[in-house]
Structures are given as structure tokens and as C-alpha cells.
Amino acid sequence: MAPARARGTVGVALVSDACIRTLNRGYRRVNRATDVLSFPNNERSRSAERFLGDIVIARGVARRQAREAGHPAVTELRVLALHGLLHLLGYDHERDKGRMRRLEARLLQSGGIREGLIERGKNRA
């Protein structure tokens with residue numbers, strides 16, 4: 001359920017809401033827990049295996065959003081991981097005139113998930 005150009009590895013951390021709030025405050029100057037944050041790897045590597053960056057997901061926020069969306073928590077983790085991956089690949093739904101939204105929707109639909117974060121109208125990073 002990833003774009004074809006998504007070649008490489010990512011780190012994924014499932015953290016507490018308090019931890020992601022601290023990260024969100026430190027990196028984005030937003031003092032609240034968010035669902036997912038992406039930290040792209042900006043270093044150039046000469047190795048064959050490219051490291052794209054890290055995705056951090058808040059467990060509590062993910063559980064609440066899963067309940068609201070009416071699907072299992074594992075489905076919400078897939079939604080959040082894909083959203084984070086698209087940010088690692090350089091997509092930005094706040095500036096790309098719907099490109100990320102369309103790609104996210106298409107990929108989620110191919111994975112059997114009807115709605116992504118952007119469609120839900122949440123303010124995402």
C-alpha cells in the first residue's frame with residue numbers, strides 16, 4: 001500500500017500521547033498531541049539501502065481516531081503509517097493542490113480502506 005517510488009526503509013515508533021505532544025511542541029511549536037509526525041532523513045547515503053526517515057505515531061490518538069472512524073486500531077495504524085510515509089517522500093497536503101490527498105485516497109482504497117486522514121478534514125502534519 002505504498003507508492004511505487006517508496007524505495008528504502010523507515011523507522012516507526014508507537015509512542016504515548018504525552019511523548020508525541022512533546023515532539024509536536026518542540027518541532028512544530030504546536031502544544032497538543034497529534035496523531036503522526038514524520039522526520040525525513042536529509043542525509044545522502046551511498047549505501048544501496050536508502051533510509052527515508054522516521055514516522056512517530058501516538059497510540060492513544062490512533063485508538064480514539066479508530067473508534068471515531070469505525071474501524072480497528074490496526075487499520076488506523078496503517079492509515080497513519082501511509083500518511084507519514086507520504087510526508088517522508090516529500091508530499092505536503094497543505095501546499096500541493098490535492099496531490100497528496102488523491103494519492104493517499106487511491107492507495108488506501110487499494111488496501112480496502114475507504115477514507116484517509118485528509119478526507120476526514122483533520123489538520124495534519
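The values are calculated or read from the model by the stated rules, or taken from the named source; none is laboratory data. Because the structure is predicted, anything quoted here is derived from the model rather than measured. With ideal geometry, Cβ positions are generated from the backbone for all residues, glycine too; neighbour counts draw on all protein chains shown. Quick note on the areas: whole protein, heavy atoms, side chains included, nothing else; ligands and nucleic acids left out. Shrake-Rupley method; radii C 1.70, N 1.55, O 1.52, S 1.80 Å.
Report the per residue volume, in Å³, of the convex hull enclosing the C-alpha atoms of region 27-103.
Values: hull volume 9.7 nm³, N = 77.
In region 27-103, the Cα hull volume divided by residue count equals 126 Å³.
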- Please calculate the 1.4 Å probe accessible area of residue 28, with all protein chains present, and give it to the nearest 10 Å². 80 Å²
- Message: Could you give each residue of region 26-38 its phi-based ³J(HN,Hα) in whole Hz, using Karplus coefficients 6.51, -1.76, 1.60 with θ = phi - 60°, and x for Gly or Pro?
- Response: x, 9, 10, 6, 10, 8, 7, 6, 10, 7, 8, 10, 10
- Query: If you take all C-alpha pairs in region 66-118, what percent of them are over 15 Å apart?
  - Reply: 42 percent
- Message: Solvent-accessible area of residue 107, probe 1.4 Å, all protein chains present, reported in Å² to the nearest ten, please.
- Response: 20 Å²
- If amide H atoms are modeled at 1.01 Å from N in the peptide plane, then the residues at a separation of 5 or more from residue 54, or on another chain, having amide H under 5 Å from its own are 11, 39, 41
- How far, in nm, would the chain grow between residue 27 and residue 110 when pulled straight, counting 0.36 nm per residue and subtracting the alpha carbon separation? 26.6 nm
- Message: For the full complex of protein chains and a 1.4 angstrom probe, list 71, 83 by accessible area with the highest value first.
- Response: 71, 83
- Which value in nm describes the separation of the simple spin-label points at residue 19 and residue 50, placed 7 Å from the Cα toward the beta carbon? 2.8 nm
- Accessible-area value, residue 74, 1.4 Å probe, nucleic acids and ligands omitted, Å²: 90 Å²
